[in-house]
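Heads up: the structure comes next, in structure tokens.
The values are calculated or read from the model by the stated rules, or taken from the named source; none is laboratory data. In this text, all values refer to a predicted model and were calculated from it rather than measured experimentally. Methodologically, a virtual Cβ is constructed for each residue, glycine included, from the backbone with ideal geometry; neighbour enumeration extends over all protein chains shown.
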Amino acid sequence: MKTFIFPGSFDPFSLGHIDIARRASKLCDKLVVAIMINRAKNSLFTVEERVGMAKICLSDLPNVEVISRETLLVDLYRELGASAVVRGLRSESDFRYEAEMNAANTLMFPDYQVIFLPCRADLAFTSSSIIKEVAYYGGDISRMCLPEIEDMVHKKLLDKKADKK
């Protein structure tokens, strides 16, 4: 059985993430979407909220499981007996970063494999950071995430703004 891992912080889950997950799920028996906990990132959403968002966005894909982990990706790879990690690429800079990460993970575990999937052209400039920035200033994020996620982003940002007052 081929198990692929699609890791990320997914803060929030975007249409680009959905596209990569949907395409990757067709290439394997099981796709594990792993919400990775990265202490270096200042997340808007809790891990539980991000898991919930991913489950909403991917509920129509029967071979997809959503989990969260605070570990090295290579350790999760070993734990799950994965065949490959899936990474979405939007740009040349994404490729450079991902190539470096792949090299580091391969040093730790020589059997580590990665599959790079280019994003759709219409989603090339969509990222979780852009979604949060546009939403913060009241911009339209409806073409960047599902309506349910859009509502969650707006509510979370309103709560955050209220906390600052």
Taking only the stretch 78-104 into account, find how many residues are assigned to a helix (DSSP H, G or I) and more than 23 Å from CYS119 (Cα to Cα). 4
Please go through the stretch 5-44 and pick out each residue that is among the acidic types (Asp, Glu) and closer than 14 Å to ASN63 by Cα. ASP29
Filtering the stretch 1-15 down to residues that are in a loop (DSSP other than H, G, I, E, B) and crowded, with 23+ Cβ neighbours inside 10 Å, which residue is nearest to the chain's Cα centre (by Cα)? PHE10
Looking at the stretch 27-61 only, could you name the residues that are of a type in the set (S, T, N, Q) and either within 13 Å of the chain's Cα centre (by Cα) or over 22 Å from LEU117 (Cα atoms) (or both)? ASN38, ASN42, SER43, THR46
Complete set of residues in the stretch 38-53 that are part of a loop (DSSP other than H, G, I, E, B) and within 21 Å of ILE18 (Cβ to Cβ): ASN38, LYS41, SER43, LEU44, PHE45, THR46
With the structure loaded, tell me whether ILE56 is aliphatic (A, V, I, L, M), surrounded by fewer than 18 Cβ atoms within 10 Å (Cβ to Cβ), in a helix (DSSP H, G or I) and touching a helix residue (DSSP H, G or I) at 6+ places or on another chain (Cβ under 9 Å) or whether it fails that test. yes
Can you tell me which of (1) part of a helix (DSSP H, G or I); (2) out of contact with any Phe, Trp or Tyr (no Cβ under 8 Å at 6 or more places or on another chain); (3) not basic (Lys, Arg) is the one MET144 doesn't meet? (1)
Quick check: is even one residue across the stretch 105-121 closer than 19 Å to ASP11 by Cβ and buried (at least 19 other Cβ atoms within 10 Å of the Cβ)? yes
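Hey, any hits in the stretch 82-96 for a residue that's among the aromatic types (Phe, Trp, Tyr), closer than 21 Å to ARG22 by Cα, surrounded by 14 or more Cβ atoms within 10 Å (Cβ to Cβ) and modelled with pLDDT of 95 or more?
Checked the stretch 82-96: no residue is among the aromatic types (Phe, Trp, Tyr), closer than 21 Å to ARG22 by Cα, surrounded by 14 or more Cβ atoms within 10 Å (Cβ to Cβ) and modelled with pLDDT of 95 or more.
Can you tell me which residue in the stretch 59-77 is nearest to ASP159 (Cα to Cα), limited to those that are in a strand (DSSP E or B) and free of Cβ contacts under 8 Å to residues at least 40 places away in the same chain?
So, considering only residues that are in a strand (DSSP E or B) and free of Cβ contacts under 8 Å to residues at least 40 places away in the same chain, the one nearest to ASP159 (Cα to Cα) is SER68.
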In the stretch 122-144, residue farthest from ASP19 (Cα to Cα) [restricted to those that are touching a residue at least 40 places away in the same chain (Cβ under 8 Å) and surrounded by 15 or more Cβ atoms within 10 Å (Cβ to Cβ)]: LYS132
Considering the stretch 16-37, residues that are modelled with pLDDT of 95 or more and part of a loop (DSSP other than H, G, I, E, B), and then whichever is surrounded by the most Cβ atoms within 10 Å (Cβ to Cβ), we arrive at CYS28
Within the stretch 79-98, does at least one residue satisfy the condition of being in contact with a Lys or Arg (Cβ under 6 Å, 6 or more places away or on another chain) and within 29 Å of GLU133 (Cα to Cα)? yes
